[in-house]
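I have placed the structure first, in the form of C-alpha cells, so that the comments after it can refer back to it.
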Amino acid sequence: QVQLAESGGGLVQIGGSRRLSCTASGTIASIYAMGWYRRAPGKQRELVATISNDGLANYGDAVKGRFAISRDSQSAVSLQMNNLKPEDTAVYFCSAMGRRGTDWGQGTQVTVSS
C-alpha cells in the first residue's frame with residue numbers, strides 16, 4: 001500500500017499561481033505513475049494530470065496549457081497551476097498507480113477567488 005501526503009492548497013487570486021506537492025510512502029517501488037484528480041462542487045471527479053515513471057504526461061482538457069505536472073522522484077509529484085480560474089476551485093487529490101491499483105491522498109482544497 002501507498003500513503004500519499006499533499007501540500008500546497010489554499011486561497012489563490014484569479015490569474016494567480018499555486019504549486020501542489022505530493023509525497024508517497026510505503027511500497028514506493030510498485031508505483032508506475034502518479035497524478036492529480038480533482039472534485040469541484042457539484043461535479044464528479046475529473047482528471048487533472050498524470051505522469052508516468054518515464055515522464056509521459058497526460059492532461060485534462062480543462063487545464064491544458066495552464067498546469068504542468070512534474071515527477072520529482074519515484075515517490076513525489078508536483079503540480080504547477082498557472083492562470084487560475086474560479087472553475088479550478090476544487091479538492092485536489094494526489095494519486096499513485098501501482099501494480100495492485102490506485103491509492104489516493106486525503107485531498108487538499110484549492111479555492112480561486114471570484
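The values are calculated or read from the model by the stated rules, or taken from the named source; none is laboratory data. These numbers come from a predicted model, not from an experiment. All Cβ positions, even for glycine, are placed from backbone atoms using ideal geometry, and neighbour counts span all protein chains on display. With ligands, DNA and RNA removed, areas are computed over all heavy atoms of the protein, side chains included. Shrake-Rupley method; radii C 1.70, N 1.55, O 1.52, S 1.80 Å.
Compactness ratio for the chain: Cα radius of gyration over 2.2 N^0.38 Å (N = residue count) comes to 0.99. Return the carbon/sulfur percentage of the accessible area of the chain, one whole number, probe 1.4 Å, all protein chains in place. For the chain, the apolar C and S fraction of the accessible surface comes to 47 percent. The heavy atoms of residue 54 offer some 140 square angstrom of accessible surface to a 1.4 angstrom probe. At an R0 of 30 angstrom, the distance between the Cβ atoms of residue 3 and residue 43 translates into a FRET efficiency of 0.70.
Counted over the range 1-62, the DSSP beta bridges are approximately 100% antiparallel.
Per residue, how much accessible surface does the chain expose to a 1.4 Å probe? Answer in Å², no decimals. Before the final figure, lay out each step's value.
Details: 5950 Å² over 114 residues.
On a per-residue basis, 52 Å².
Checking every one of the trypsin sites (Lys or Arg not before Pro) in the range 14-112 against DSSP loop status and a limit of 15 other Cβ atoms within 10 Å picks out 43, 45, 64, 66, 99, 100. So if I take the centroid of the Cα atoms in the range 1-46 and the same for the range 61-114, what is the distance between those two points in Å? That distance is 4 Å.
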